[in-house]
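Student: Can you read through this structure? Questions will come right after.
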Amino acid sequence: MKSLTFIRNKSLLVAVTAALAVPVALAGDPPPQYAASCGACHAVGVAGAPATGDVDAWAPRLEKGMDALVASVRNGLNAMPPGGLCNSCSDEDYAALITYMATAQ
Ligand code: HEC
């Protein structure tokens, strides 16, 4: 009887833990730098910027390869200023931001 109670409690704990883990695992959370930098233009596609979540707009960009896209952000591209308003971003940060923006939200 006692061990049955233990098993029930344990499976409840597993269920609660799994439920709590879901929001953390959601893919749609933007990287921390997004709102103050890239999002200013890419959220709605200012001046021809491929809009966040617009997979079709990003597809031809992604064909250039991630290294080329990171270089575009570092150097600037037409209306996009060098660094894309995030001068403290590393190349890995840029890659994460690009992947976020190029993914359907
Ligand atoms: C001031 C507005 C602005 C900001 C801020 C901005 N972008 Fe852009 N971005 C643009 C525009 C406009 C384009 C389209 C440029 C073109 O092809 O003429 C663009 C294009 C791009 C491209 C495609 C480059 C290519 O080679 O095709 C990438 C990748 C990109 N942005 C990433 C970012 C990232 C990452 C950030 C944040 C760190 C960012 N952008 C911030 C305006 C902006």
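Student: With the requirement that a residue be β-branched (Val, Ile, Thr) and within 20 Å of GLY28 (Cα to Cα), what does region 41-91 give you?
Tutor: Result: VAL44, THR52, VAL55.
Student: Moving to a separate point now. So is SER72 in contact with a strand residue (DSSP E or B) (Cβ under 9 Å, 6 or more places away or on another chain) and either surrounded by 10 or more Cβ atoms within 10 Å (Cβ to Cβ) or modelled with pLDDT under 95 (or both) or not?
Tutor: yes
Student: What are the residue pairs meeting all of these: first residue in region 34-51, first residue on the phi > 0 side of the Ramachandran plot, second residue within 6 Å of the ligand (Cβ to nearest atom) and not aromatic (Phe, Trp, Tyr), Cβ atoms under 6 Å, and 6 or more apart or on different chains?
Tutor: Close Cβ pairs (under 6 Å, with a partner that is within 6 Å of the ligand (Cβ to nearest atom) and not aromatic (Phe, Trp, Tyr)) amount to ALA47/ALA79.
Student: Out of MET101, MET80, which single residue is out of contact with any strand residue (DSSP E or B) (no Cβ under 9 Å at 6 or more places or on another chain), surrounded by 14 or more Cβ atoms within 10 Å (Cβ to Cβ), without any contact (Cβ under 8 Å) to a residue 40 or more places away in the chain and of a type in the set (A, V, I, L, M, F, W, C)?
Tutor: Just one listed residue meets the conditions, MET80.
Student: Moving on. So which residues in region 69-96 are near the ligand (Cβ under 6 Å from one of its atoms) and out of contact with any Phe, Trp or Tyr (no Cβ under 6 Å at 6 or more places or on another chain)?
Tutor: Passing the criteria: LEU69, SER72, LEU77, ASN78, ALA79, MET80, PRO81, GLY84, LEU85, CYS86, CYS89, TYR94.
Student: Also, I was wondering about something else. Could you tell me whether region 7-24 includes any residue that is modelled with pLDDT of 95 or more and assigned to a helix (DSSP H, G or I)?
Tutor: no
Student: Does PRO50 fit the bill of being within 9 Å of the ligand (Cβ to nearest atom) and assigned to a loop (DSSP other than H, G, I, E, B)?
Tutor: yes
The values are calculated or read from the model by the stated rules, or taken from the named source; none is laboratory data. This structure is a prediction, so every number in the text was calculated from the model and none was measured. So basically every Cβ, Gly included, is an ideal-geometry build from the backbone, and we count neighbours across all protein chains shown.
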